[in-house]
Amino acid sequence: NDLIEGVIYLPENLFYNTSAPGIILFLNKNKSAERRGKVFLLNASREFAKGDPKNYITDEGIARIAETFKEWCEEEKFSRIVNRDEIVKNDYNISPSRYIHTGKGEEYRPIAEIVYDLKFLEEEISATGKALDEMMSKLDK
């Protein structure tokens with residue numbers, strides 16, 4: 001019925017009795033025309049400070065979350081607007097962590113560099129194996 005206006009994915013370990021992340025779901029039966037068929041997703045999983053015993057969201061984090069949600073603006077690795085077609089394609093999963101990846105991108109190394117590293121490690125393994133064999137043979141005597 002297009003009632004979901006937005007979802008905020010909260011950090012882990014904020015609430016007592018669970019370390020699971022929280023979700024805030026915003027429902028609106030009177031969505032504006034430009035927001036119909038769309039859902040605003042915000043991944044705030046990194047907006048926390050370590051606390052004892054529970055983590056907490058700083059005042060700056062709360063302000064960033066609130067302002068971004070209020071403005072409905074996309075921010076890389078933080079917020080995204082998804083349309084109904086994409087949600088359907090993802091089996092109606094509206095978890096922000098599915099659409100917004102906060103981790104670092106994958107690093108790629110040249111194959112020649114990897115081969116060199118592997119040869120070096122193989123030589124090191126061989127030398128270590130020989131040294132271990134020598135030590136073990138001295139123990140057998």
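The values are calculated or read from the model by the stated rules, or taken from the named source; none is laboratory data. None of the values given here were measured: they were computed from a predicted structure. Counting neighbours? That spans all protein chains shown, and the Cβs are built from the backbone with ideal geometry, glycine included. The area values use the complete protein model at the heavy-atom level, side chains included, leaving out ligands, DNA and RNA. Shrake-Rupley method; radii C 1.70, N 1.55, O 1.52, S 1.80 Å.
Answer yes if at least one residue in the stretch 102-122 is surrounded by 10 or more Cβ atoms within 10 Å (Cβ to Cβ), touching a strand residue (DSSP E or B) at 6+ places or on another chain (Cβ under 8 Å) and within 22 Å of Ile4 (Cα to Cα), and no otherwise.
no
Is it fair to say Arg80 is of a type in the set (Lys, Arg), out of contact with any Lys or Arg (no Cβ under 8 Å at 6 or more places or on another chain) and on the phi < 0 side of the Ramachandran plot?
Answer is yes for this residue.
Pick out the one residue from Phe78, Phe40, Phe48 that is of a type in the set (Phe, Trp, Tyr) and over 16 Å from His101 (Cα atoms).
Phe48
Have a look at Ala66, Ala20, Ala49 and point out the one that is free of Cβ contacts under 8 Å to residues at least 24 places away in the same chain, open to solvent by less than 60 Å² (accessible area, probe 1.4 Å), touching a strand residue (DSSP E or B) at 6+ places or on another chain (Cβ under 7 Å) and not polar (S, T, N, Q).
When all the criteria are applied, what remains is Ala49.
Conditions (1) assigned to a strand (DSSP E or B); (2) in contact with an Asp or Glu (Cβ under 6 Å, 6 or more places away or on another chain); (3) over 29 Å from Pro11 (Cβ atoms), marked per residue:
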| residue | (1), (2), (3) |
| --- | --- |
| Ile24 | yes, no, no |
| Leu41 | yes, no, no |
| Asp52 | no, no, no |
| Ala66 | no, no, no |
| Lys77 | no, no, no |
| Tyr92 | no, no, no |
| His101 | no, no, no |
| Tyr116 | no, no, yes |
| Met135 | no, no, yes |
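Residues checked against (1) closer than 24 Å to Phe40 by Cβ; (2) β-branched (Val, Ile, Thr); (3) out of contact with any Phe, Trp or Tyr (no Cβ under 8 Å at 6 or more places or on another chain):
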site	(1), (2), (3)
Thr58	yes, yes, no
Cys73	yes, no, yes
Asp85	yes, no, yes
Asp117	no, no, yes
Glu123	no, no, yes
Ser126	no, no, yes
Met136	no, no, yes
